[in-house]
Each structure stands twice: as structure tokens, then as C-alpha cells.
Amino acid sequence: MNIEAPAIPEIDAFLKCRTPQAWVNKALDNLPTLLIDHAQCEKKAAATAMSLMHKHLHRPELLKKMSQLAREELLHFEQVVNLLQARGIAYENLSPARYAEGLRKAMRTSEEGRFIDLLIIGAIIEARSCERFVALIPHLDQELAKYYRSLVKSEARHFEDYLMLAELYSSEPITGRVEQLLQVEQELIEGPDAQFRFHSGAPVAA
């Protein structure tokens, strides 16, 4: 019996598109790569949170939120590594997806603009991760579906935390900038992508 995916209305309303079914199909055919890249994503998320903590010592709300986020992401990394080990999948470095770099290329160059954009991008990445877990859950084996379902709540909270921090620290409304970056994200998700990763775009037919 398949595990039912939870509803995420706040994230469905936020993102401009859903994951293409072709990506879901590709993921199901490439679970080892999916899990390895998922582990890398959790590690990178923790590193990003720690980097923000080092650079913004004077922002107590950011320090508290990023401290919690970093701990949770490292725990998730450990859990995925355990899953890999249990399934006999060797953890190895994979080349990164174009996704995060594509979003970062759209960042503004001013000090405040870059900082706020980084927080908005953090929210977008967490929202997409959550949406992809939900898209995958009904198709996975019981163990992996149950684990991914357990991640949805924390990923949704990380999305909300990043967005809250962007609103808190921005000197102007962020709505317009969020829309611009979401448009970039939609193009990365729906556009053809020859490389399969957790955040890759629409698979290119062989």
C-alpha cells in the first residue's frame, strides 16, 4: 500500500510550477543518484546556513533560525547516508546541478541586494525540495516514502524561515523580487536538462 503524500498548499501557492512528471519518472529509474544528490543537498544546505551565521553576527534572528536549520540539515544528511549504506549504495561526489548556480547568477550585486536574494533563494530551494518530496512519496517503497514524508514539515518550515528573514532584513518590500527569482526558478525546473539531479529540470529524452 502506497503512502499518501501530505498537502502543502502554502508551497503550491508559492511556486510557479510543479515538478514535471518526466522528472519523477527519471528519479524512480535513478534512485541511487537521487539519494546521493539528496545527501549532497542536505550538506550544502547546512554549509549555507553556517556561512550566513559567520557573516551576520549582528542579526540575532538569523543566527537562531540558521543554527536550528544547520542542525536539522546535518541530521538529514546523516539519515540519508544511513539509507545509502543500508541499500548498498556508495556515497560519492556528484557534479552539482545547474539549479542553485542558475538562481545565484540572478542575484543582485549590491551588498543588501545580494544578501536578501540569498535568503529568497534559500526559501525557493527549500520550497522546491518539499514539493519534490511530495511528488515522489506515492511512488516510492515504504521505507523511503515514510522517510521523505517525515522531511516535508521541516522543509516547509525552512522555506517559511528564509522568507521571514528576507522580509525582516530587507529595506523594501520583497514581493517583486520574489516573483523575479521564482520566474528564473520556473525556467530551470521546466527547461530541458541533460543531467539528472535532485533539483534538475525536465529530462532530455535519450
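Just one of (1) surrounded by fewer than 16 Cβ atoms within 10 Å (Cβ to Cβ); (2) closer than 12 Å to D117 by Cα; (3) under 19 Å from the mean Cα position of the chain (by Cα); (4) without any contact (Cβ under 8 Å) to a residue 60 or more places away in the chain fails for Q180. It is (4). Here F196 clears all of (1) buried (at least 19 other Cβ atoms within 10 Å of the Cβ); (2) in a loop (DSSP other than H, G, I, E, B); (3) out of contact with any strand residue (DSSP E or B) (no Cβ under 8 Å at 6 or more places or on another chain); (4) of a type outside the set (V, I, T) except the condition numbered (3). Annotation for segment 81-98: no member residue is among the β-branched types (V, I, T), surrounded by fewer than 19 Cβ atoms within 10 Å (Cβ to Cβ) and without any contact (Cβ under 8 Å) to a residue 24 or more places away in the chain.
For segment 20-63, a residue qualifies if it is part of a helix (DSSP H, G or I), among the charged types (D, E, K, R) and either surrounded by 13 or more Cβ atoms within 10 Å (Cβ to Cβ) or in contact with a helix residue (DSSP H, G or I) (Cβ under 8 Å, 6 or more places away or on another chain) (or both), and the qualifying residues are K26, D37, E42, K43, K44, E61.
Residues in segment 152-177 that are part of a helix (DSSP H, G or I), surrounded by fewer than 19 Cβ atoms within 10 Å (Cβ to Cβ) and among the small types (G, A, S): S154, G176. When A49, A7, A27 are screened for being under 15 Å from the mean Cα position of the chain (by Cα) and among the small types (G, A, S), only A49 passes. Scanning segment 74-96 for residues that are in a loop (DSSP other than H, G, I, E, B) and touching an Asp or Glu at 6+ places or on another chain (Cβ under 7 Å) turns up just one, L94.
Read the figures in this text as sums done on the coordinates, not as results from a lab. Every value quoted in this text rests on a predicted model; they were computed, and no experiment measured them. Please note: Cβ atoms are built from the backbone with ideal geometry, for glycine as well, and neighbour counts cover all protein chains shown.
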